Amino acid sequence: MNSITTLLEQAVKQAFAACGYNETYGTLTLSKRPDLCDYQCNGAMAAAKEAHKAPMVIAGEVIEKLSGADCFSEVGAAAPGFINLKISETALASYVDEMNRSEKQGLTIPETALTILVDYGGANVAKPLHVGHLRPAIIGECYKRIAKYMGHHVIGDVHLGDWGLQMGLIIMELKRRQPSLPYFDPAYTGDYPSEAPFTLADLEEIYPTASARSKEDEAFKADALQATHDLQMGNRGYQALWEHIMRVSLPDVKRNYDRLNVSFELWNKESDAKPYIRDMVADMTRRGIAHYDNQTLVVDVKEDTDTKEFPPCIILKSDGSYLYATTDLATLVQRMQDFHPDRIMYVTDKRQEMHFDQVFRTARKASIVNADTSLEFYGCGTINGKDGKPYKTRSGQTPRLEALIDEINAQMLKKINENDNLDTAEASKTAGLIGLSAIKYADLSNQSAKDYVFDSDRFTSFEGNTGPYILYTIVRIKSILRKYAGDHPEETTHPILPAEGAAQKELMLALSRFAPAVTQAYNETAPHKICTYIYELSNAFNKFYHETKILSEPDPDTQSSYIGLLQLTRKILEDCIDMLGFAAPERM
Ligand code: ARG
């Protein structure tokens, strides 16, 4: 379906052409003064310059030509030359009615579906997920869902960190505690035990202890680096320990993402890039793209136009160990082979920007990616506390993701228990759904790259620009539709009739803006545009609801038309929150 603006524009363009002006002057925008009109056209001012006429004269000519157009109920001019237009109730109703009967509410999806790989989440195995992982998970999941809704072929990859220093630290800490385990005996050739020598709870304690130790104990740190290197080079005992760590830790990582309603098509890991590293490095070296500098293999990525420092991208450390960039580059080799993506989107903390700049430049220089594959980095801003510094718990620690979710859910449960009588099981499930909406909406309604302040009282409020407010609106609609269906069990799409009052028209105008909002959110990679849109739509709906008796409306056609509006509003709100990555309960 064409957007409603495009449809209306056709009439205005024709009018400009009929008056002898270029039809491109007939472009429409949403009105900046909704009290005066629904749409405006600023073309008379531009045409005036070219035609050496007064803008008001041109506006007058165009308005004259538009006087018969039945898509407008009112057309007028305002100084210095604006053309103000009100859409007619019939044109709006037939548009909105068609939306209600169309798949995806008439959204036009691009003709060619792209293959898009979204690298997000980025959990590190054996390290608990903390608040810093929240945004890349929520935002990446949302990018993915919006792109899918737009009809693209989208693959999400968690790209687990499983090969870095954290593994060496854990291995060395284990060795310190249980030196007689066979994993540490180089002479051991038998099978290793199938049971891990630690539990998840142990791991959660081992990593922070080892990490703290490495900051005080140089020798321990050196051993951990060596162990990381040995693991990467295939040390048998360490490899077996790595497998235990993966087995114990992965289900917990998955459970955390499940709680966030975040899921991945691919559970690839840094270490999966290993088979690609040797050839990649050999090729870069042979072609002179990489060179040794002090025994470190590097690629120079500085460009003449750079205004900031651009250090070389390090491919191999002097002992031959791989770095973060090495696996990211080899992962690109793998991704090109497996998927030939048109776009690869990386979503991480914005402090990783330089790393990705270096990786992207190296990948281009070494022709690892095709020229027509776009590499895109999306850095997420920080979640701050009310003091403006990165969010910490009362005891000054970086909060665990779980704890944060639990805190919001508990707050939510308290609220719904205050005003409702849901049974315990439903209450806790509902609290989980609303809690998630609070967290995700708060995150996504802020621009991804900007920092924001974590304010659980505000996020969990049922009023204002919050997730719970949107859910509340959906639940309200569902409840009316349920009651209506009680007396009208047949399922149909109800025909939407022309608006009778201002609130109804405003709701219909808000509904008609669905496709542009989603398209813009996709084109600009800006989920906050969807949040702004559904907030406006919810406000328009609630205003209509307060002014309209829906269930007691005596005229069946009018009532049915109201129900049509409710159906469409619900569908749009539910599709939008699904793109944002949360869902609404039946009751709340
Ligand atoms: N594991 C990394 C971290 O915690 C994030 C990974 C992001 N993706 C990537 N391809 N480097 O910082």
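Apart from one condition, P585 fits all of (1) in a helix (DSSP H, G or I); (2) in contact with a Ser or Thr (Cβ under 9 Å, 6 or more places away or on another chain); the exception is (1). Please go through the range 529-570 and pick out each residue that is farther than 15 Å from A517 by Cα and either under 21 Å from the mean Cα position of the chain (by Cα) or charged (D, E, K, R) (or both). Within the range 529-570, K543, E547, K549, E553, D555, D557, R570 qualify. The residues in the range 570-588 that are under 16 Å from R101 (Cα atoms) and surrounded by 24 or more Cβ atoms within 10 Å (Cβ to Cβ) can be counted, and the count is 1. In the range 337-362, the qualifying residues are those that are aliphatic (A, V, I, L, M) and within 12 Å of the ligand (Cβ to nearest atom), and the one that is nearest to K308 (Cα to Cα) is V359.
The set of residues in the range 156-174 being of a type in the set (D, E), out of contact with any Leu (no Cβ under 6 Å at 6 or more places or on another chain) and either near the ligand (Cβ under 10 Å from one of its atoms) or modelled with pLDDT under 95 (or both) consists of D162 alone.
On the stretch given as the range 306-336, residues that are over 25 Å from M233 (Cβ atoms) and either basic (K, R) or within 15 Å of the ligand (Cβ to nearest atom) (or both) total 2.
Residues to consider are S479, S437, S445, S456; find the one that is in contact (Cβ under 8 Å) with a residue 24 or more places away in the chain, crowded, with 23+ Cβ neighbours inside 10 Å and among the polar types (S, T, N, Q). Criteria check complete, one pass: S437. The set of residues from the range 379-412 being buried (at least 17 other Cβ atoms within 10 Å of the Cβ) and free of Cβ contacts under 8 Å to residues at least 60 places away in the same chain comprises I408, N409, Q411, M412. So is V369 among the β-branched types (V, I, T) and more than 13 Å from the ligand (Cβ to nearest atom) or not? Against the criterion (among the β-branched types (V, I, T) and more than 13 Å from the ligand (Cβ to nearest atom)), V369 qualifies.
Could you check, for the range 230-243, whether at least one of its residues is modelled with pLDDT under 95 and touching a Ser or Thr at 6+ places or on another chain (Cβ under 7 Å)? Within the range 230-243, one or more residues are modelled with pLDDT under 95 and touching a Ser or Thr at 6+ places or on another chain (Cβ under 7 Å).
Starting from residues that are free of Cβ contacts under 8 Å to residues at least 40 places away in the same chain and of a type outside the set (V, I, T), keep the ones in the range 489-503 and report whichever is nearest to K571 (Cα to Cα). Filtering the range 489-503 for residues that are free of Cβ contacts under 8 Å to residues at least 40 places away in the same chain and of a type outside the set (V, I, T), the one nearest to K571 (Cα to Cα) comes out as E491. Among all residues of the range 505-526, there is at least one that is more than 30 Å from C142 (Cβ to Cβ) and either in contact with a Pro (Cβ under 6 Å, 6 or more places away or on another chain) or not aliphatic (A, V, I, L, M) (or both). Among the residues making up the range 146-189, a single one is within 30 Å of N523 (Cα to Cα), buried (at least 23 other Cβ atoms within 10 Å of the Cβ) and among the charged types (D, E, K, R): D157. In the range 246-276, the qualifying residues are those that are hydrophobic (A, V, I, L, M, F, W, C) and within 15 Å of the ligand (Cβ to nearest atom), and the one that is farthest from G161 (Cα to Cα) is V262.
The values are calculated or read from the model by the stated rules, or taken from the named source; none is laboratory data. Bear in mind the structure is a predicted one, so any value in this text is a computation, not a measurement. All Cβ positions, even for glycine, are placed from backbone atoms using ideal geometry, and neighbour counts span all protein chains on display.
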